[in-house]
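Any read-out appearing in this document is the output of simple, stated calculations on the displayed coordinates, not a laboratory observation. Treat the numbers as computed from the prediction; the structure is a model and nothing was measured. Because the Cβ atoms are built from the backbone with ideal geometry, glycine has one as well, and the counts that use them run over all protein chains shown.
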Amino acid sequence: MKTNQPLLRVNNIETYYGLICAVQGVSMEIQPGTITAILGNNGAGKTTILKTVMGLLEDQPDKGSIYFKDQRIDGKDPEQIVRLGIGFVPEGREIFDELTVKENLLVGAYTRRDRAGIRADMERIYGYFPILKEREKQLAGTLSGGQQQMLAIGRALMSRPQLLLMDEPSLGLSPMLVRDIFRIIRQINEEGITILLVEQNARMALRVAHYGYVMENGRFVLAGTVQELMEDPDVQEFYLGMKKETSVKGYQRWKRKKRWR
């Protein structure tokens with residue numbers, strides 16, 4: 001049953017790389033059972049948000065707070081955050097090349113001790129990605145790019161997350177594989193896992209998401225439901241490749257709504 005209590009709350013965070021402020025006063029709420037997409041160009045700060053939530057950047061954020069299920073998590077280390085119920089699929093996959101497919105999946109379950117549950121979840125992952133079952137004894141570094149992406153998703157799911165952060169899951173994949181990956185993302189969500197998705201492929205992201213944020217230069221400049229974002233003329237022109245003049249009716253509807261400030 002969905003509630004109005006957010007699963008994740010990010011309150012006015014600022015994250016720096018040296019003297020450069022990569023994320024500037026960002027706030028957002030992620031509702032249970034939803035897919036939320038963060039859209040934006042390279043360098044906008046999208047990945048930095050995910051790494052800040054996961055505790056992967058030392059002494060970050062410099063300002064603000066992050067709550068997961070009403071527990072403050074900024075300042076915790078990544079292992080603690082994983083144990084609380086947040087999984088992470090990093091950009092570039094970052095699998096362990098010298099380990100087998102099966103060993104990579106077991107690494108994802110390193111915080112768990114329930115052997116029967118681990119075996120059951122591994123079979124569930126193989127149900128999502130049958131090719132991983134076929135290749136379970138193969139070294140992960142010898143897999144294709146698409147198979148490595150499947151493995152990275154499977155590894156994150158092995159921790160049994162309630163919230164899954166995904167960073168550019170379509171990066172470098174063929175259009176056919178991108179469709180397969182997004183089909184699985186939707187299925188994972190339908191089975192009860194909340195997803196925060198960073199993605200440059202705005203068209204695919206908006207097909208699966210319920211809510212979205214648009215990020216530019218470290219700030220959110222627009223937020224809304226998927227329908228609202230798809231009707232926005234700037235989103236249509238700059239992210240969906242549509243001509244601005246084709247969106248007059250959508251713009252008239254949207255300008256009556258509250259714009260993101």
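A few remarks follow.
- Distant-in-sequence amide H partners of ASP74 (H built 1.01 Å from N, under 5 Å): ILE66
- Listed by chain and number, the aspartates and glutamates whose C-alpha is less than 13 Å from the C-alpha of LYS69, apart from same-chain residues fewer than 8 away, are GLU29.
- Mean Cα-pair separation over length for the range 1-98, i.e. relative contact order, pairs under 8 Å, 6 or more apart, %: 28 percent
- Less than 5 angstrom separates the built amide H of THR34 from those of ILE195, all sequence-distant by 5 or more or on a different chain.
- Cα-based radius of gyration of the range 97-158 once divided by 2.2 N^0.38 Å, which approximates compact folds: 1.00
- Sequence ranges 42-50, 24-32, ranked by mean other-Cβ count within 10 angstrom, highest first: 42-50, 24-32
- Dipole of the chain computed with +1 at Lys/Arg Cβ and -1 at Asp/Glu Cβ about the Cα centre; of ILE35, PHE220, LEU171, farthest Cα towards the positive end is ILE35.
- Nearest-20 debye value, the range 97-158 charge dipole, Cβ charges on Lys, Arg, Asp, Glu: 220 debye
- Rounded to whole numbers, the Karplus 3J(HN,Hα) couplings from phi for the range 169-179 are x, 8, 4, x, 9, 5, x, 5, 5, 4, 4 Hz, using 6.51 cos²θ - 1.76 cosθ + 1.60 with θ = phi - 60°, and x at Gly and Pro.
- Packing here is the average count of other Cβ atoms within 10 Å per residue, and on that basis the peptides 226-234, 169-177, highest first, run 226-234, 169-177.
- Cα-based radius of gyration for the range 26-79, normalised by 2.2 N^0.38 Å, reads 1.17.
- When only the Cβ of Lys, Arg, Asp and Glu is charged (+1, +1, -1, -1), the dipole of the chain relative to its Cα centre reaches about 920 debye.
- Across the range 142-251, Cα pairs under 8 Å and at least six residues apart give a relative contact order of 18 percent.
- Sequence-separation-based contact order of the chain, relative, with Cα cut under 8 Å and 6+ spacing, percent: 24 percent
- Put simply, the amide H of VAL89, placed in the peptide plane, has neighbours under 5 Å in LEU165, MET166, ASP167, leaving out anything fewer than 5 places away on its chain.
- Karplus-based coupling profile of the range 191-199, in residue order and whole Hz: 8, x, 9, 6, 10, 10, 10, 9, 7, with θ = phi - 60° in 6.51 cos²θ - 1.76 cosθ + 1.60 and x standing for Gly or Pro.
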